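The values are calculated or read from the model by the stated rules, or taken from the named source; none is laboratory data. Treat the numbers as computed from the prediction; the structure is a model and nothing was measured. For neighbour counting, all protein chains shown are included, and Cβ atoms are generated from backbone atoms with ideal geometry for every residue, glycine included.
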Amino acid sequence: MLRPILLTSLLLAGHAHATGADPAPVVGVAGSTCGFVTDQRGTIPKSQDIFPVEITRIDGRSTPLDSRNRHSVQPGERVLTLTDHIDPHRLPGAAISQIAKMKRLELQRAYKPFTVKVEPGVSYAIGARLLRDRLDAQSIRDNAYWEPVIWEQRAERCP
């Protein structure tokens, strides 16, 4: 019989995040030997200014180019490399062109590292929170107009 495991910790290293936005810990599937991270889950809460991201690397290794709805990872701290896919229709006109220019010129600086403490038997949905108070030219050049967040956690058994 599988027994649930209560998750008690979640690490969002190196990035500020708004209070109350973190999902509540979930019960993982007992006996699981892996966890999951995903950038492709259901309906992202855009009403909370959270938008899609693309996970391009996990612990320094490139993710597969084919579309995957989730990535299986070993439990523990995992460093994801992300790029945002914030809907330009949600941005002021000047910010749209500044962001496009920053991404074109800055290349690797347009990506962000995000450390997640993965618990066994849990899947983490990752997104980009738009920081509306940081849509000035300098913040956009510094890629500080968004932050990575975990917007949902759910129990999920390893295959």
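Listed values, structure above:
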| quantity | calculated |
| --- | --- |
| Of all residues in the stretch 44-56 being of a type outside the set (D, E, K, R) and within 12 Å of the chain's Cα centre (by Cα), the one that is modelled with the lowest pLDDT | 44 |
| Test: residue in the stretch 24-43 that is modelled with pLDDT of 90 or more, out of contact with any Pro (no Cβ under 6 Å at 6 or more places or on another chain) and not hydrophobic (A, V, I, L, M, F, W, C) | yes |
| Neighbours by Cβ (under 9 Å, 6+ apart or cross-chain): first from the stretch 81-105, modelled with pLDDT under 90; second part of a strand (DSSP E or B) and β-branched (Val, Ile, Thr) | 103/83 |
| Residue that is nearest to the chain's Cα centre (by Cα), among those in the stretch 91-145 that are part of a loop (DSSP other than H, G, I, E, B) and buried (at least 16 other Cβ atoms within 10 Å of the Cβ) | 111 |
| Conditions (1) farther than 22 Å from residue 60 by Cα; (2) touching a residue at least 40 places away in the same chain (Cβ under 8 Å); number of the one not met by residue 136 | (2) |
| Among the residues listed as 70, 141, 109, the single one being modelled with pLDDT under 95, within 30 Å of residue 34 (Cβ to Cβ) and of a type in the set (Lys, Arg) | 70 |
